[in-house]
Amino acid sequence: MSKANKAKDLSINTLLFTISNFGTKIISFLLVPLYTYVLSTKDYGKLDLVTTTVQLLVPILTLNIQDAVLRYCLDKEYNPLQVVKTGLRVAVVSSVILGLGLLLVYSLPVFKLSIMYSVYLYFLFIANVFNNTLSMYLKAVNKVKLLVVCGLLNTLLTCSLNIILLLVIKLGVLGYLIANISGTMFSIILMMLGSGLLKEKTDQIPKGLFKSMSLYSLPLVANSVAWWLNNASDRYILAFFCGAAVNGIYAVAYKIPTILSTVQSVFYNAWSISAITEFDEDDTDGFIGNVYMTYSCVSLVGCSILLIFNMFLARILYAKEFFAAWQFVPPLLVGTVFNGIALFEGCIFTAVKNTKSVSITTILGAIVNTICNFALIPFIGALGASIATMVGYIAIWIIRTVQMNKIIKIKAQWNAQIMGMIMLIFQCVIALVFKQFYWQLPIAILVVISHKSYLEKVFAIVKRKMIKEKL
């Protein structure tokens, strides 16, 4: 495939995921003031811990089979229907195992689990597992439009129910739980019906398919757990040392970095397909290197701009005692940049089915993160957790970049990227020391200037899209 066609496929998928992700995340983002107004810091902290626990249980109990669904559906050697049905069987079995496990834990006098939170955990797990598996299938069989529609309807329903149950009926935590489960469950039903999975019949699933898929995905379990340690283990350590209320404030701090991660995920979802279908170990036409640098540029510049507007956004989003979360945002934003670029690089490893290296790099970063958490949280609380998260992602990016260059001769401008990252870390320090945004402006301008050529490419693409739409 020519470089132009590669770029076209990537841009089409990027556009579709842009519609889905921005619609979903913007509405979710607008709900933050509602949550911080209605819920207490303690309640929000507990809800965050339940969500965090589910994020750990999903890859462990499912063997991370959803990643294998995407990879094997894209492989012409396998029947996509057989692949996704294998993934759905694993989803059913894992749900049964978790249900039995919760009943066992609840029956033991040692553990005191709230029935409401236990039920929420169980249904949130089911929603995540089936949603992830079906989403990977739809991406692989090029039914991205259906995936986008389901994502938007999921968001609209979740948003509507949150407003009704929290503001009108005033159910508090229970309303939050019902609203955030219902939307995803509705989306799952639509994906099942729209994809035709319930109607389409397939030959008997080969005996060796599950074994092959699980051998591919098993190393990714360690990778997912390690990502969880980087993303979420600090919540438990923070709750232990500082309490659920502080964890609630810290959890809210992630909402501003979510803006950047949304932009990254739009491109990452499209790139995860192109990385497999268009892999070239010599990067002959420079396509991979160009995409890599453009993605890095958007991440760095986007982070720099958000750092400037951090206090402004915090005043809008964080009600009452939640406002204190602004000070934890800068390190989390910088960490999000390194996290996104490391995920981008992970697609290269996936393309050559080298999932072992992906896991090893993530585990090493998780070790760094955990050590920093225990070293910093007892002394500086939630700020220590945010710094530890940033350091852990930087470690993963460094190790993964070195390993990636052994797999592919990517044509990237490393000096420009490294300089941009150093300036961004410096801006983060300034943001923490000085509250006024204008102290950051010189650094932000330098970040933009150093990536001027790639920003021009991004603007040129957007301009061409806008002209085509008008025509």
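Miscellaneous remarks
- Given (1) at pLDDT 90 or above; (2) surrounded by 19 or more Cβ atoms within 10 Å (Cβ to Cβ), index of the condition residue 31 fails: (1)
- Under the condition of being surrounded by fewer than 20 Cβ atoms within 10 Å (Cβ to Cβ) and either over 15 Å from residue 246 (Cα atoms) or among the hydroxyl-bearing types (Ser, Thr, Tyr) (or both), the residues counted in the stretch 311-329 number 5.
- Boolean, residue 194 is among the small types (Gly, Ala, Ser) and touching a residue at least 24 places away in the same chain (Cβ under 8 Å): yes
- With respect to (1) under 15 Å from residue 138 (Cα atoms); (2) of a type in the set (A, V, I, L, M, F, W, C); (3) modelled with pLDDT of 55 or more, the lone exception for residue 17 is condition (3).
- Scanning the stretch 66-89 for residues that are over 21 Å from residue 196 (Cβ atoms) and either assigned to a helix (DSSP H, G or I) or modelled with pLDDT of 85 or more (or both) yields a total of 3.
- Condition broken by residue 78, with the remaining ones in (1) touching a Leu at 6+ places or on another chain (Cβ under 9 Å); (2) buried (at least 22 other Cβ atoms within 10 Å of the Cβ) satisfied: (2)
- Test: residue in the stretch 408-423 that is under 21 Å from the mean Cα position of the chain (by Cα), on the phi < 0 side of the Ramachandran plot, in the same structural domain as residue 301 (by TED's automatic domain parsing) and not hydroxyl-bearing (Ser, Thr, Tyr): yes
- Residue 171 being touching a residue at least 40 places away in the same chain (Cβ under 8 Å) and over 19 Å from the mean Cα position of the chain (by Cα): no
- The residue list 370, 350 contains one member that is closer than 22 Å to residue 240 by Cβ, of a type in the set (Ser, Thr, Tyr) and assigned to a helix (DSSP H, G or I), which is 370.
- Residues that are within 30 Å of residue 323 (Cα to Cα) and at pLDDT below 85 within the stretch 255-283 comprise 255, 258, 259, 261, 262, 263, 264, 265, 266, listed in sequence order.
- Cross-chain or 6+ apart pairs with Cβ under 9 Å, the stretch 302-321 first and closer than 22 Å to residue 39 by Cβ and β-branched (Val, Ile, Thr), then surrounded by fewer than 16 Cβ atoms within 10 Å (Cβ to Cβ) and modelled with pLDDT under 90: 316/33
- Failed item in (1) more than 22 Å from the chain's Cα centre (by Cα); (2) over 19 Å from residue 306 (Cα atoms); (3) surrounded by 14 or more Cβ atoms within 10 Å (Cβ to Cβ); (4) polar (S, T, N, Q), with residue 362 passing the rest: (1)
- Selected residue (criterion: nearest to residue 335 (Cα to Cα)) from residues of the stretch 371-393 that are without any contact (Cβ under 8 Å) to a residue 60 or more places away in the chain and either touching a Leu at 6+ places or on another chain (Cβ under 6 Å) or crowded, with 17+ Cβ neighbours inside 10 Å (or both): 390
- Looking only at the stretch 38-65, and only at residues there that are under 20 Å from the mean Cα position of the chain (by Cα) and assigned to a loop (DSSP other than H, G, I, E, B), the one that is farthest from residue 134 (Cα to Cα): 63
- Test: residue in the stretch 120-136 that is hydrophobic (A, V, I, L, M, F, W, C) and assigned to a loop (DSSP other than H, G, I, E, B): no
- Selection count where residues are farther than 30 Å from residue 305 by Cβ and of a type outside the set (A, V, I, L, M), scope the stretch 201-259: 21
- Residue in the stretch 137-156 that is more than 30 Å from residue 35 (Cβ to Cβ), crowded, with 17+ Cβ neighbours inside 10 Å, of a type in the set (A, V, I, L, M) and touching a Lys or Arg at 6+ places or on another chain (Cβ under 9 Å) present: yes
- Restricting 99, 172, 196 to residues that are on the phi > 0 side of the Ramachandran plot, surrounded by fewer than 18 Cβ atoms within 10 Å (Cβ to Cβ) and modelled with pLDDT of 85 or more narrows the list to 172.
The values are calculated or read from the model by the stated rules, or taken from the named source; none is laboratory data. Note that the structure is predicted; figures quoted are calculated from it, not measured. Note: ideal-geometry Cβ built from the backbone for every residue, glycine included; neighbour counts use all protein chains shown.
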